[in-house]
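First up is the structure itself, then whatever we jot down about it.
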Amino acid sequence: MNASDLPGAPFLAYRDQQLFIEQLRLQDLAQQHGTPLFVYSKAAMLHALSAYQRAFAGRQAKVHYAMKANSSLGVLQVFAQAGCGFDIVSAGELARVLAAGGQAKDVIFSGVGKTRQEMQLALQAGIACFNVESEAELDVLSDVALSMGQVAPVSIRVNPNVDPKTHPYISTGLKGNKFGIAHERTLQAYRHAASLPGLKVTGIDCHIGSQITTTEPYMDALDKVLDLVEQIERAGIPVDHLDFGGGLGINYNGDTPPPADALWASLLARLDARGFGQRQLMIEPGRSLVGNAGVCLTQVQFLKPGEQKNFCIIDAAMNDLPRPAMYEAYHQIVPLTLSNAATQVYDVVGPVCESGDWIGRDRALNAQAGDTLAVLSAGAYCMSMASNYNTRGRPAEVLIDGDKAHVIRARETVADQIRGESLV
C-alpha cells in the first residue's frame, strides 16, 4: 500500500511498513495512550484550510469552521489561531469557541431550533450574525433582542431545492428537508425581517448538504441565491454578505470531490460574471477541514469465525464511531504494520450490544488478536457524535504537531460519566 493510497496522505503514510502520522509512529501512540484513541494531524487541518485561503486571496471572505464536525477544544484552537471564524448550532458550541480562544464577533449561529436563552447568550456575547431558518424564528429573535435593548444581525437561510446527490440524512437543501425557508417564500420573509424593529438584515445564507463530491449542486444553488439577492435588493433591502455554507466532501473510499480551491475558482468566476464578486463572502466548511486529518486506533480483541461471516471484534464501537451505524458510511480500516501474509474477509464489529455496531463490512485483513488497526477519515462526525452507550467512556484524543503529541482530551472514566447522577 502506497502513501498516496491513504486518505490523509501525505500526513498519513507508511514508512518501512509502519503507519505514521506526521513524524510519529501510530503504534507508539497506541501503546502510550491506549485504545480506542483518536489521533489528529494539525498539519493536515492547516493544509486543508490553505486551499480555501488560496481561493479567497484578494477577496472579502471569511472561513467559518462548522464546528459540529469536531468540537474538541484543541481542534478549535488550531482554527482560531489560523484566523477562522466559527459556525455554531448551540449555546454550548459558543461556549466552546470562547474557551478555545475564538472571538464571538467571528461567530455565525445556525440551526433550526434556537431557544430564547440561546439567543440571549449569543446577543450578550456579540456574535456576528444569526442564520435564521424560519419566519417564526424571526419574530422570536426580534422580541428577544428588543427585550435586551439590542438589534440582532440576521441572514436568512434559503432552501433552494437543489439535490446535492448525497446521503438523504445529510442532504439539507431540498423541499422535504427541515432546514431553511423555501425559495418561493424568501422575498416575503426578507420583507418581514426588514419590518421587525429588533432585527437588522445583513446577508443571505444557503447550505445544501454534506459530503458533496461534484461542483454542479453548488453552481445551481449559487445561481438561485443570486437571483434571490437581486429580487431582495430590488425591494429596497440591502444584502451585505453572501454565505454559501459548506458541505464539500472528502475521500473516504476513492471519492473524488473537487479541491476546495478549484471549486471556489468556479464559484467566484460565476460571482464575478454576475457582478457579485466584491461582496463580503462567508463559508462554513467542516468535514473538508478535519475529516481526513484524523484516525481512530483500535485493538483487535477476538477473531470469531462463522458459517456465513467471519467477525473481527475490536475495542472501538458505534458509540465511538457512529457514522457506519447511522449512515452505513464507509471508513477504510488498515493495519498499523504492513504484511505480505494472507488476508481473510471479516466484518469488523465492536463490543456494543447492538447488531448495528459494525465499523466495516467485508474487509480483507491479516489480523490477529492484540493487533492494532486504524480506522481512517475519522476526524469529522466521530468524536463530536460519540456517546456513552453501554456506559462506555469516550476515547482519548491526541493532536500531532510534527514530532510532538499533545493530549487534548483525557480518556473518560466511569466516574466522569456518573458525576452528575444521584441515588434517590
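Taken together, the values in this text are just the output of simple stated rules run on the coordinates, not laboratory data. Just so you know, these numbers come straight off a predicted model, no measurement behind them. Neighbour counts run over all protein chains shown; Cβ positions are idealised from the backbone, glycine included.
Normalised by the number of residues in the stretch 110-285, what is the relative contact order in percent for Cα pairs under 8 Å and 6+ residues apart? Let's see the in-between values first.
On the way: 315 pairs, mean separation 34.2, N = 176.
Once normalised by length, the contact order is 19 percent.
Stretched out straight at 0.36 nm per residue, the stretch from Ala95 to Arg274 would grow longer than its current Cα-Cα span by 60.6 nm.
Taking a ≥ b ≥ c as the square roots of the eigenvalues of the Cα gyration tensor, the stretch 328-420 is classed as oblate, since a/c reaches at least 1.5 and a/b does not exceed b/c.
Ellipticity at 222 nm from helices only: DSSP H runs of n ≥ 4 in the chain, each -39500 (n - 2.57), divided by the residue count, give -8500 deg cm²/dmol. For Lys404, the aspartates and glutamates whose Cα falls under 14 Å of its own Cα, not counting residues fewer than eight places away in the same chain, are Glu22, Asp28.
Listed values (1) 33, 25, 20; (2) 39, 27, 18; (3) 40, 24, 20 include one computed from this model; for semi-axes √(5λ) of the Cα gyration tensor in Å that value carries the label (3).
How would Ser195, Ser72 line up from fewest to most surrounding beta-carbon atoms within 10 angstrom?
Details: Ser195 11, Ser72 22.
Result, fewest neighbours first: Ser195, Ser72.
In summary, the aspartates and glutamates within cross-link reach of Lys114, defined as a Cα separation below 16 angstrom excluding same-chain residues under 8 places away, comprise Asp87, Glu93, Glu133, Glu135, Glu137, Asp139, Asp143. In terms of other Cβ atoms within 10 Å, Glu137, Glu230, Glu307 run from fewest to most in the order Glu307, Glu230, Glu137. Structural descriptor for the chain: relative contact order 19 percent, calculated from alpha carbon pairs under 8 angstrom and at least 6 residues apart.
Sorting His33, His207, His192 by the number of Cβ atoms found within 10 Å of their own Cβ, with the fewest placed first, yields His192, His33, His207. Placing a pseudo-label 7 Å from each Cα along the Cα-to-Cβ vector at Asp16 and His192 gives an inter-label distance of 6.6 nm. Distance from the C-alpha centroid of the stretch 224-271 to that of the stretch 274-294: 8 Å, rounded to the whole angstrom. Taking amide hydrogens as placed 1.01 Å from N in the peptide plane, the amide H of Tyr381 sits under 5 Å from those of Asn70, each at least 5 positions away in sequence or on another chain. In this label model, Gln32 and Glu421 are separated by 3.4 nm, measuring between points 7 Å along each Cα→Cβ vector. Considering only Gly34, Gly294, Gly350, the Gaussian network model of the chain with Cα springs below 10 Å gives its largest mean-square fluctuation to Gly34.
State which entries of Lys62/Lys200; Lys42/Lys62; Lys68/Lys309 exceed 32 angstrom in Cα-Cα distance in the structure shown. Present the calculation step by step, with values, prior to reporting the outcome.
Working: Lys62/Lys200 20 Å; Lys42/Lys62 20 Å; Lys68/Lys309 35 Å.
Pairs exceeding the cut-off: Lys68/Lys309.
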